[in-house]
Amino acid sequence: MEWCEVGSDWVSRFRRSVRRWYSRHGRQLPWVGQSDPYTVWVREIMLQQTTVTAVMPYLERFLARFPNVETLASATPDEVLRVWEGLGYYSRARNLWKAAGVVVDEWGGTWRRSAEELEALPGVGRYTAGAIASFAFDRAAPIVEANTARLFSRLIALPVAPSSSEGRKRLWSLAERVVPRVRPGEFNQALIDLGATVCGVEARCEVCPVRSCCEAFERDVVDRVPLRVPRADPTDVFKVILVMRREREVFVIRHPEGERWGGLWGFPSWDRNKPVSCTKGEAVRVQRDVAASGCEVEFLVWQKPFRHSVTRFRLHLQPIAVQWQAGEWLGTEAGEWVSLEELENRPLAVASRRIARRIESTEGSAMG
């Protein structure tokens with residue numbers, strides 16, 4: 001396929017069609033018309049790689065706990081991660097906390113209004129900066145995210161993957177062309193809604209208001225655009241999870257930054273190259289692993305295993321409950337003993353929280 005170039009007449013016709021459609025069919029999202037830059041920023045960070053449905057309850061809870069950038073900046077990272085817990089991609093929460101510090105300490109609590117300045121904040125890329133600038137300050141800033149990338153790709157019959165260098169260049173160029181100076185925030189929201197509800201993975205061309213502007217529709221290649229990059233099969237990872245008890249305390253470690261679940265608390269674990277067999281021999285091996293980390297333990301019971309998916313990995317997790325006997329943890333991860341009550345307040349990954357719930361339900365009894 002060849003490139004499709006758009007002219008000024010095309011742009012004008014496209015804008016009119018999008019606005020007309022949005023006035024009748026735009027989604028009634030709870031934040032439509034919200035222009036507070038702090039709220040817009042938190043919302044857009046949450047929406048990165050996460051659906052609107054999943055974000056809604058988290059956004060409400062987060063804003064109730066941290067109603068403005070000052071309260072967020074004054075919180076601890078653990079407090080922020082605990083409220084974020086379960087939403088995934090935890091680097092987003094850590095960057096929110098870091099960026100709040102920049103806004104308060106370096107910007108004096110006053111938000112910058114241009115996308116270029118906003119992009120300097122930790123965790124804020126070109127899309128998020130444009131979203132804040134257009135939704136909060138009604139600046140004519142272009143946006144390209146999953147929904148608009150799919151829409152734009154079909155409009156120009158993009159012959160390369162949107163994620164490629166050339167693809168990103170073409171899509172951002174089109175976004176810059178079409179964003180109007182008059183009510184750009186509303187227009188950008190209309191584009192997102194159109195991509196989400198009409199120009200989805202399964203395109204609804206029969207009701208599309210801009211199909212007369214769509215080169216992919218004209219060429220009858222809508223089902224082939226955008227080009228899909230095959231996803232690699234998930235990698236199976238097998239782990240033994242150590243649930244080490246000492247009276248009414250449990251031992252937890254903080255996952256190192258840059259690793260899976262970085263910054264969150266969890267339980268010590270060891271990788272295995274095959275499914276874990278709940279045998280006496282494997283229990284002895286775990287005891288040796290723990291001993292190498294400085295502690296002596298007594299085997300209690302194998303807990304029920306479970307699976308958990310994280311991005312490109314399918315985790316097969318086998319918890320093992322042990323009783324601490326002696327020694328001090330000397331493992332590579334920082335760790336500490338916490339009470340069952342304190343465990344509730346620590347930010348945990350979803351898999352670790354599932355194990356924590358089991359511990360709490362037993363109230364200190366033997367786990368099974």
In percent, what relative contact order does the chain have, based on Cα pairs under 8 Å that are 6 or more apart in sequence?
16 percent
Full extension from Glu336 to Val350: what is 0.36 nm times the residue separation minus their Cα-Cα distance, to one decimal in nm?
3.1 nm
Computed [θ] at 222 nm, helices only, for the chain once each DSSP H run of length n ≥ 4 contributes -39500 (n - 2.57):
-13000 deg cm²/dmol
Any idea what angle helix 8-25 forms with the longest principal axis of the chain, computed on alpha-carbon atoms, 0 to 90 degrees, nearest 10?
60 degrees
Put +1 on the Cβ of every Lys and Arg and -1 on every Asp and Glu Cβ in region 235-362; which of Ser309, Leu343, Gly263 then has its Cα farthest towards the positive end of the dipole?
Ser309
Just to be sure I follow: if Rg is taken over the C-alpha atoms of the chain and Rh is the Kirkwood radius over the same atoms, what is Rg/Rh?
1.07
Tell me the label-point distance for the pair Ala146, Glu298, using the 7 Å Cα-to-Cβ offset, in nm and rounded to one decimal.
5.0 nm
At 7 Å along Cα-to-Cβ for each site, give me the label-to-label distance between Lys169 and Arg181 in nm.
2.8 nm
Lysine pairs within the chain, Cα separation less than 25 Å, 8 or more sequence positions apart or different chains
5
The FRET efficiency for Glu257 and Glu70, from their Cβ-Cβ distance with R0 = 22 Å and rounded to 0.05, is 0.30
Note to self: C-alpha centroids of region 200-235 and region 273-346 sit apart, in Å, by 47 Å
Determine, for Ser309, Ser17, the number of other Cβ atoms within 10 Å of each Cβ, and report the residues in order from fewest to most.
Ser309, Ser17
Descending semi-axes in Å of region 235-362, equivalent ellipsoid built from Cα gyration tensor:
20, 18, 15
Under the 7 Å Cα-to-Cβ spin-label approximation, Gln28 and Trp107 lie apart by a distance in nanometres of 3.3 nm
Could you give the angle, 0 to 90 degrees to the nearest 10, between helix 126-137's Cα long axis and the longest principal axis of the Cα atoms of the chain?
70 degrees
Share antiparallel - DSSP beta bridges, the chain, percent rounded to 5:
70 percent
Taking N as the number of residues in region 8-224, what is its Cα Rg relative to 2.2 N^0.38 Å?
1.05
So who's got an amide H within less than 5 Å of the one on Arg272, skipping anything under 5 residues away but keeping other chains? H placed 1.01 Å off N, in plane.
Phe238, Lys239, Val240
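Read-outs: derived from the displayed coordinates by stated rules, not from any lab. For clarity, every value in this text was computed on a predicted model and none was experimentally measured. Glycine gets a Cβ as well: all are built from the backbone with ideal geometry, and neighbour counts include every protein chain shown.
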